[in-house]
1. Distance in nm between label sites at Val30 and Glu137, each 7 Å beyond Cα in the beta-carbon direction?
2. Dipole size in debye (nearest 20) for the range 98-196 around its Cα centre, Lys and Arg Cβ +1, Asp and Glu Cβ -1?
3. On a 0 to 90° scale, report how tilted helix 66-84 is relative to the longest principal axis of the chain, with both axes built from alpha carbons and the result rounded to the nearest 10.
4. Which pairs in the list Lys18/Lys193; Lys18/Lys88; Lys11/Lys193; Lys164/Lys193 are over 32 Å apart, alpha-carbon to alpha-carbon?
5. With a Förster radius of 41 Å, plug the Cβ-Cβ distance of Asp60 and Ser112 into 1/(1 + (r/R0)^6) and report the FRET value to the nearest 0.05.
6. Among Leu151, Gly129, Asn16, which residue has its Cα positioned farthest towards the positive end of the charge dipole of the chain, with +1 placed on the Cβ of Lys and Arg, -1 on the Cβ of Asp and Glu, and the dipole taken about the Cα centre?
7. For the chain, take the longest principal axis of its alpha carbons; what is the angle in degrees between that and the long axis of helix 161-180, to the nearest 10 within 0 to 90?
8. Assign unit charges at the C-beta atoms only (+1 for Lys and Arg, -1 for Asp and Glu), then state the dipole size of the range 1-104 relative to its Cα centre in Debye, rounded to the nearest 20.
Amino acid sequence: MSMRTATVERKTAETNIKLILNLDGNGHGVIDSGIGFFDHMLNLMTSHGLMDLTLACDGDIDVDGHHSVEDIGIALGDAFRKAIGDKKGIRRYGTFYLPMDEALAFVSLDISGRPYLVYEGGEMAPMIGGFDTELTEEFLRAFAVHAGITLHVRVLYGRNSHHKVEAIFKALGHALRIAVEDDPRVEGIPSTKGSL
């Protein structure tokens, strides 16, 4: 099986993003979003998803992190959609529960071609380091829409906001890893419609 990779360059008045995504990697990330905590989350997603991600974003973080985080979600989603290709032989669905100390997150997704996000993150501190916790949902929505996946994310419980967000990103990595895996029993596209 050939490596499923994609390169995306996206430039707007607010951000300049270059990234390379390899879905069949070994969990290696070289990530510079300009927001330290967000770099940490993307590295965790990459590591747990066994993807390789090289990402550089020059954004207007002097305003705030919104444009950078959302636009990275867009670019990463575009790269995922390109890298996954025709979707032949993949498992398609991925679901994962992930505990992070006192917090528990649940992610379930379908590489469906029908973008949708259900997000229930619960109460969070407004900021974690330089990261606005409201941007977790913005990233997930941008990624789901541009990747063409149905994505359900829920924090079942927890107290520490860092742990909650970290559990989400780790669980997302695991769910993606499961869904993109090659299933030798699947012939062609895993849909009774014949397309995704």
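Throughout, read-outs are computed from the coordinates displayed, never taken from laboratory work. Since the structure is predicted, the reported quantities are computational estimates derived from the model, not experimental observations. Glycine gets a Cβ as well: all are built from the backbone with ideal geometry, and neighbour counts include every protein chain shown.
1. 3.6 nm
2. Once rounded to the nearest 20, the dipole reads 220 debye.
3. 10 degrees
4. Exceeds cut-off: Lys18/Lys193; Lys11/Lys193; Lys164/Lys193.
5. My answer for the efficiency is 0.80.
6. So the residue furthest toward the plus end is Leu151.
7. Orientation of helix 161-180: about 10 degrees from the principal axis.
8. For this selection, approximately 880 debye.
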